[in-house]
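Q: Attaching a single structure in structure tokens format; questions to follow.
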Amino acid sequence: MPSISFFYGIIIYMYFYDNREHHSPHLHAVYQDDKAVLSIPDGELLSGNLPKNKLRVVQAWIELRKEDLLADWNLAVNGQELYPIEPLK
């Protein structure tokens, strides 16, 4: 599972072939021991948990980087290498 961004202690991952749970565009966010899966189109929490303030940060980042995230999603579902995406600063 390649890491595509890192900010405020949060690591963002996207699987190459993640057919297990979610078929819509999504990403995985990890902060300390918490893990969550969020929808790319709307930032909705699909599964897992993050502290409320970290969840809001990831959702804001998704909104700002939606085009780049969807481009990486298209690469991921085709098994291609993903590009890093600019973190929040």
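Q: Regarding the stretch 69-89, can at least one residue be identified that is over 20 Å from residue 2 (Cβ atoms) and touching a residue at least 24 places away in the same chain (Cβ under 8 Å)?
A: Among the residues of the stretch 69-89, at least one is over 20 Å from residue 2 (Cβ atoms) and touching a residue at least 24 places away in the same chain (Cβ under 8 Å), which makes the answer yes.
Q: Something else now. Across the stretch 51-89, which residue is nearest to residue 15 (Cα to Cα) among those that are of a type in the set (A, V, I, L, M) and in contact with a helix residue (DSSP H, G or I) (Cβ under 7 Å, 6 or more places away or on another chain)?
A: Only one residue fits best here, namely 82.
Here, each number is a calculation from the coordinates, and none is a lab measurement. For clarity, every value in this text was computed on a predicted model and none was experimentally measured. Cβ: placed from backbone, ideal geometry, glycine included. Neighbour counts: every protein chain shown.
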